[in-house]
Amino acid sequence: MFSFEVMTEDGKARAGNLVTSHGSIKTPSFVSVGTLASVNPLSVDELLNIGTQVIIANAFHLHLQPGEDVINRRGGLHNFMRWDRPLITDSGGFQAFSLGARKEARSGKIASMSNDKKFKGPGVHTEKEKPSISVDEDGIKFLSYIDGSERNYTPERIINIEKKLGADIIMMLDECTSPFHDYRYTKEAMARTQRWSLRALEEFKQASSDGQALFGIVQGGIFKDLRLEGARFLAEQDFSGYAIGGFLGESKKGMHDILDLVMPLLKKDKPRHLLGIGEIDDIFEIVERGIDLFDCIFPTKLAKTGTVFTKEGKRYRIHLLNSAYRYDTRPIDESCKCYTCMNYSKAYIRYLFKIKDSFAVRLASIHNLSFIESLMRQIRVAIMEKRFSELKREWLRDT
């Protein structure tokens, strides 16, 4: 069971309803990241209380450990992690990409998220280095970080792995490029990803769908003609939805420019997922351009450092370990109704971080994910009431 309906549009921003076999997702929606079948450090009950609608896990990691057969024998990923709501699995193209020498560069979705260390280029290693990944027409070959064994991901095999995992939405295998790849290589990788997409789609159609939906992925790096070509190609194929992945630009403006190019080419009656983006200001910009789903590890990653979201903070966040909060008896955000803000002060949570109590990370994670979910509810209502631009101006007053 899979369907998608756009209920209301406000400019290019849209509020919709995405129906899966495990329930509906009100869009636009933040997708919580549960890479290893867990949104660490929170329980399923805590996620439900927060209002989490959908989780994305990673087929690459779950194949290596515990293995798709282990999960399949338990009745699939939903039963394995006790999550009876919509689930997405990413194929792991980005994770495979990060295993190679490219890992030196610590590349992000935009250049400002990347290390400025120069990368030697695809396939270039010193005599002492052993490449841990290779890409060819067949797929991706790499060495497992678990046991060092050789593995081979083909577009067809990834589909079969994701079938066994049983998520409601699955992603095709793609080749992810970085800011350090030139035009020639990025074009080759995009064309290869397109050929892989046809193989993945054929494999998906031949197997029983079990209500699953397959998303195609738009690649092309920072090169506008490649992004246009990639979007046009995918729009002609019979995918249930689209994801936009890979390196998105030298700046946030570069990311916006790519979305402005790509979004009009993707069919309006199918959902669009932006992979790996989720800062507060980003959310308004991508929703304004018609993104329906987006995932980011940012909320829980920040929480582990004692950094929490608040509307009044610089860049919508504060760092609780700052001495300014030692005596602060107020909640993190006085307008927030999450469990953390309703029960604990900044001073107490700061103290827990100082003594390295794991409860601190739990409380910060509850707040950060609750903050994002609350914001998404506000955005959906604003779109339905045709006042999204007004809400954006209210939030992005200083950006």
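The values are calculated or read from the model by the stated rules, or taken from the named source; none is laboratory data. This is a predicted model, so every value here is computed, not measured. Neighbour counts are summed over all protein chains in view; Cβ atoms, including those assigned to glycine, are modelled from backbone coordinates with ideal geometry.
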Handout entry: Hey, ASP328 acidic (Asp, Glu) and over 29 Å from the mean Cα position of the chain (by Cα) or not
Key = yes
Exercise for the section: With the checklist (1) out of contact with any Ser or Thr (no Cβ under 8 Å at 6 or more places or on another chain); (2) farther than 21 Å from GLU156 by Cα; (3) among the β-branched types (Val, Ile, Thr) in hand, flag the one item VAL33 doesn't pass. Expected result: (1)
Handout entry: Test set (1) surrounded by fewer than 24 Cβ atoms within 10 Å (Cβ to Cβ); (2) within 21 Å of the chain's Cα centre (by Cα) - GLU188 fails condition number
Key = (2)
Exercise for the section: Please specify each residue of region 308-343 satisfying the condition of being of a type in the set (A, V, I, L, M) and either assigned to a helix (DSSP H, G or I) or in the same structural domain as GLU279 (by TED's automatic domain parsing) (or both). Expected result: ALA324, MET342
Practice task
Return the only residue of GLY306, GLY276 being of a type outside the set (A, V, I, L, M, F, W, C), at pLDDT below 95 and under 30 Å from LEU248 (Cα atoms).
Solution key: GLY276
Exercise for the section: Among the residues of region 174-207, write down those that are in contact with a helix residue (DSSP H, G or I) (Cβ under 8 Å, 6 or more places away or on another chain), over 18 Å from LYS270 (Cβ atoms) and among the polar types (S, T, N, Q). Expected result: THR177, SER178, THR186, THR193
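Matching residues to (1) modelled with pLDDT of 95 or more; (2) part of a loop (DSSP other than H, G, I, E, B); (3) under 25 Å from VAL19 (Cα atoms):
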site	(1), (2), (3)
ARG195	yes, no, no
ILE222	no, yes, no
LEU228	yes, no, no
PRO264	yes, no, yes
Exercise for the section: Working only within region 7-59, note down all residues that are surrounded by 21 or more Cβ atoms within 10 Å (Cβ to Cβ) and among the charged types (D, E, K, R). Expected result: ARG14
Exercise for the section: Only one of these is surrounded by fewer than 16 Cβ atoms within 10 Å (Cβ to Cβ) and in contact (Cβ under 8 Å) with a residue 40 or more places away in the chain: GLY241, GLY249, GLY230, GLY211. Name it. Expected result: GLY211
Fill in the blank from the handout: Selection over region 48-84 where residues are in contact (Cβ under 8 Å) with a residue 60 or more places away in the chain, within 19 Å of the chain's Cα centre (by Cα) and in a helix (DSSP H, G or I) yields a count of 7
Exercise for the section: Taking ARG377 as the residue in question, decide whether it is surrounded by fewer than 23 Cβ atoms within 10 Å (Cβ to Cβ) and either under 30 Å from SER240 (Cβ atoms) or free of Cβ contacts under 8 Å to residues at least 40 places away in the same chain (or both). Expected result: yes
Handout entry: Meets criteria (small (Gly, Ala, Ser) and modelled with pLDDT of 95 or more) for GLY290
Key = yes
Completion exercise
Here the residues within region 344-361 that are in a helix (DSSP H, G or I) and either crowded, with 20+ Cβ neighbours inside 10 Å or without any contact (Cβ under 8 Å) to a residue 60 or more places away in the chain (or both) are LYS346, ALA347, TYR348, ILE349, ARG350, TYR351, LEU352, PHE353, LYS354, PHE359, ALA360, VAL361
Handout entry: Which listed residue is surrounded by 15 or more Cβ atoms within 10 Å (Cβ to Cβ) and not in a helix (DSSP H, G or I), from PHE294, PHE284
Key = PHE294
